[in-house]
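Read-outs throughout are calculated quantities, based only on the coordinates presented, and are distinct from any laboratory measurement. All figures in this text were calculated on a predicted structure; none of them were measured in a lab. Backbone-built Cβ (ideal geometry, glycine too); neighbour counts: all protein chains shown.
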Amino acid sequence: SQQGEEDPQALSIQEGENATMNCSYKTSINNLQWYRQNSGRGLVHLILIRSNEREKHSGRLRVTLDTSKKSSSLLITASRAADTASYFCATGGAQKLVFGQGTRLTINP
Amino acid sequence: NAGVTQTPKFRVLKTGQSMTLLCAQDMNHEYMYWYRQDPGMGLRLIHYSVGEGTTAKGEVPDGYNVSRLKKQNFLLGLESAAPSQTSVYFCASSLHRGLAGEGDTQYFGPGTRLTVL
């Protein structure tokens, strides 16, 4: 069963615009992570936000967490063609992570 | 550091054949995982291990077996392959829990694309 559900399933924007994708989850968490997957490759960890944090930044990435709504958002600012990828949220439980189905992001030149 | 490596990268099997996928990590991580990813889907956990000599079932364990005889290696076996096991298989590892969550970060291998005819 999926813990995290990303929204939208697909997103297409122009280069330079900001991209926002959302993740909702069902049960209490210790932390929430975002991963990127380029086509045909393994997942790469982007950022981890703990349950007692509300916002975290890493370069052009901004992640927010609202535990009362059981939701998180990932904002990518000033998008680039290289940001084209699928993005997954993952929630931490005992010993393992559960991944959502992902948001497929396409950056158009 | 090579990180997480997987062998082989591609494989085609006939129904009923068996094979073993090898995952190796050189980061001294405690935890290792096997996932499968089907088109347009997220990752589903097959089996995982929290230490040498230990394994546990994940979300979709049927038809697969695993072994963790050495800390750096995690093997995934298919005893009698079925077309439903056609998928891309990813191995991952993580340090361990207890580091305020940071130890939960998983590092992924490049994947093995398996086709069962």
Between region A:16-73 and region B:4-59, the alpha-carbon center distance in angstrom: 24
Residue order, fewest to most surrounding Cβ atoms within 10 angstrom, among B:Asp26, B:Asp104: B:Asp26, B:Asp104
Relative contact order (percent, whole number), region A:8-67, Cα cutoff 8 Å, 6+ residue spacing: 21
Cα point-scatterer Debye curve for the protein assembly as shown, base-10 log of I(q)/I(0) at q = 0.10, 0.16 Å⁻¹: -0.45, -1.10
Qualifying trypsin sites (Lys or Arg not before Pro) for region B:34-90 [loop in DSSP, other Cβ within 10 Å: at most 11]: B:Lys70
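Please tell me the relative contact order of chain A in percent, rounded to the nearest whole number, where contacts are Cα pairs under 8 Å and at least six residues apart.
39
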Cα principal axis extents for region B:22-71, largest first, Å: 32, 21, 16
D_trans [Stokes-Einstein, Kirkwood Rh over alpha-carbon pairs] for chain B, 4 °C, 1.567 mPa s, µm² s⁻¹: 91
Per-selection Kirkwood Rh - chain A (Cα, Å, 1 d.p.): 13.8
Relative contact order %, region A:54-109, counting alpha carbon pairs below 8 Å whose residues are six or more apart: 25
Hull-based mean projected area of region A:1-54, where the convex hull spans the alpha carbons, in square nanometres: 5.2
